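Below: one structure, written as structure tokens.
The values are calculated or read from the model by the stated rules, or taken from the named source; none is laboratory data. Being a predicted model, the structure only gives us computed values, none of them experimental. Here the Cβ positions follow ideal geometry from the backbone for every residue, glycine too, while neighbour counts run over all protein chains shown.
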Amino acid sequence: MAKMALGLIETMGLVAAIGSADSALKSADVKLIGFDFAGNGGTTVKIEGEVSAVKFALETGVATAEKIYRVLSWQVIPKPDNGTESIILANPKKVLFAEGSNVKVSTSKSHNKKAKKS
């Protein structure tokens, strides 16, 4: 992940997050890293790819999420530091993560173990 850009979209509600992820993934050559659930309806979509692709995907995803409900914030991090990956993957709550074309629900512990193996 260190050579790629990281994109984050924080929405209010899972439906807005799924809609934004769907739009983002269809609009540019980006990969879904996963979803984090912050509680009280806050959901963060995490994607990665080339900087320009992530910027375009986030703009598209944010526009879609705003039509569904509400976007709390969004951010593109070009070439994040290697330590950023552990922060992005660390979450004590359940996390939806992408593995190929399948999206699975897992605890962050098991997801982090898989991430460390690769």
(message) With the requirement that a residue be aliphatic (A, V, I, L, M) and either without any contact (Cβ under 8 Å) to a residue 24 or more places away in the chain or more than 18 Å from residue 76 (Cα to Cα) (or both), what does the range 1-19 give you?
(response) 12, 14, 15, 16, 18
(request) Kindly provide the set of residues from the range 11-31 that are crowded, with 20+ Cβ neighbours inside 10 Å and either among the hydrophobic types (A, V, I, L, M, F, W, C) or in contact with a Leu (Cβ under 8 Å, 6 or more places away or on another chain) (or both), ordered by number. (result) 11, 16, 17, 21, 24, 28, 30
(request) Select from the range 63-103 the residues that are at pLDDT 90 or above, crowded, with 17+ Cβ neighbours inside 10 Å and among the small types (Gly, Ala, Ser) and list them in ascending order. (result) 65
(message) Filter the range 20-57 down to the residues that are among the hydrophobic types (A, V, I, L, M, F, W, C) and within 17 Å of residue 73 (Cα to Cα) and list them by number.
(response) 21, 24, 35, 37, 38, 45, 47, 54, 56, 57
(request) Out of 32, 72, report the one residue that is outside any helix (DSSP H, G or I), in contact (Cβ under 8 Å) with a residue 40 or more places away in the chain and within 10 Å of residue 11 (Cβ to Cβ). (result) 72
(request) Confirm whether residue 55 is outside any strand (DSSP E or B), at pLDDT 95 or above and among the basic types (Lys, Arg). (result) yes
(message) Condition first: under 19 Å from residue 88 (Cα atoms), part of a strand (DSSP E or B), over 11 Å from the mean Cα position of the chain (by Cα) and aliphatic (A, V, I, L, M). Can you find one or more residues in the range 9-27 that meet it?
(response) yes
(message) I'm trying to understand the selection: among the residues of the range 16-34, which are more than 11 Å from residue 45 (Cβ to Cβ) and in contact with a Phe, Trp or Tyr (Cβ under 7 Å, 6 or more places away or on another chain)?
(response) 27, 28
